[in-house]
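Notes follow once the structure below has been shown.
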Amino acid sequence: MIRGPRPCRIVFDGQSRLAIPPWNGLLLGYSWGRLVTAGLGLPAVLRAVSGQGWTELSTTFATRVAPYITPAEPTIFVMCGGGSDILEDGDEPEQVYADAGAYAQMARDVGAVYVLATTIMPGKLFQEHESGDAEERRQATNALMLADADGHFDAVVDLDVPGLTDTDDFDVYYDGNHVYGPGVIELNGKVGKGLGTTRVAAVVRPYLLAAIEAVTS
């Protein structure tokens, strides 16, 4: 069956904070991207790849993401990343922000009409990184993203907020870095409530609803 056009569509892209849990719910629950779009009746797709910074993601953008952005349905592009840029590429905050901005422009160039970005959630990988300043760079990157002095994004959601800041909370983070849920899990002898993806979705949803209103009104 060929469906008719919808008022808009949503494309999620970025790194492991979106890719884990997966969209299909087979491991650790459902992606917060899926939860935040539940009940909206809009087409949505998740194209995130774990462990890749914005520069690496850009090399596959044309085949991995661009085909899902179409003027036939105004596209809201949601991007959640930057962690690998700090942890693996050793980038300074200004570079991470600039690369995120360039990535947002790639989405606009192929037709995205609204770009919603997120800050970088906390994680033990930042706190315990061998560089000794990864957590400081994460926070500084978040400040640049929120200020968005260069106007790269239509809106930025802060995910470094109460309910998501305690990386030791097994009800939220299954490994100190990635949220999971909804649903109880038992892992390594511990039982967790699976509150993480639900909490992220609750933070993001008002911003997504505002984006939908902006592109459909």
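Quick notes on this structure:
- Residue count for the range 170-194, restricted to those that are more than 19 Å from PRO22 (Cβ to Cβ) and open to solvent by less than 60 Å² (accessible area, probe 1.4 Å): 3
- Residues of the range 193-210 that turn out to be of a type in the set (A, V, I, L, M) and over 14 Å from CYS80 (Cβ atoms), as a count: 4
- Count - residues of the range 69-85 that are touching a strand residue (DSSP E or B) at 6+ places or on another chain (Cβ under 6 Å) and open to solvent by less than 30 Å² (accessible area, probe 1.4 Å): 9
- The criterion of being charged (D, E, K, R), under 28 Å from HIS129 (Cα atoms) and touching a strand residue (DSSP E or B) at 6+ places or on another chain (Cβ under 8 Å) holds for ARG47.
- Residue within the range 11-32 that is more than 16 Å from the chain's Cα centre (by Cα), open to solvent by less than 50 Å² (accessible area, probe 1.4 Å), at negative phi and at pLDDT below 95 present: no
- Breaking point among (1) more than 23 Å from VAL203 (Cα to Cα); (2) open to solvent by less than 40 Å² (accessible area, probe 1.4 Å); (3) among the small types (Gly, Ala, Ser), for ALA102: (2)
- Checking THR197, THR167 one by one, the residue that is in contact with a strand residue (DSSP E or B) (Cβ under 6 Å, 6 or more places away or on another chain), buried (at least 16 other Cβ atoms within 10 Å of the Cβ) and within 13 Å of TYR30 (Cα to Cα) is THR197 and no other.
- Test for GLY111: is it touching a Pro at 6+ places or on another chain (Cβ under 7 Å), open to solvent by less than 40 Å² (accessible area, probe 1.4 Å), farther than 17 Å from LEU159 by Cα and touching a residue at least 40 places away in the same chain (Cβ under 8 Å): yes
- The residues of the range 121-132 that are assigned to a loop (DSSP other than H, G, I, E, B) and open to solvent by 10 Å² or more (accessible area, probe 1.4 Å), listed by number, are GLU128, HIS129, GLU130, SER131, GLY132.
- Restricting attention to the range 49-68 and to residues that are under 15 Å from the mean Cα position of the chain (by Cα) and open to solvent by less than 20 Å² (accessible area, probe 1.4 Å), the residue that is nearest to ASP89 (Cα to Cα) turns out to be GLY53.
- For first residues located in the range 125-138 and polar (S, T, N, Q), partners that are open to solvent by less than 70 Å² (accessible area, probe 1.4 Å) and part of a helix (DSSP H, G or I) and lie 6+ apart or on another chain with Cβ distances below 7 Å form the pairs GLN127/GLU135.
- 3 or more residues within 30 Å of SER217 (Cβ to Cβ): qualifying helices (runs of 4 or more DSSP H) within the range 27-114: 32-37, 93-109
- Unmet requirement for GLY41, which otherwise passes all of (1) closer than 16 Å to ILE76 by Cβ; (2) surrounded by 13 or more Cβ atoms within 10 Å (Cβ to Cβ): (2)
The values are calculated or read from the model by the stated rules, or taken from the named source; none is laboratory data. As the structure is a computational prediction, the values presented were derived from the model and not from experiment. With ideal geometry, Cβ positions are generated from the backbone for all residues, glycine too; neighbour counts draw on all protein chains shown. These accessible areas exclude ligands, DNA and RNA; they are computed on the full protein's heavy atoms, side chains included. Shrake-Rupley method; radii C 1.70, N 1.55, O 1.52, S 1.80 Å.
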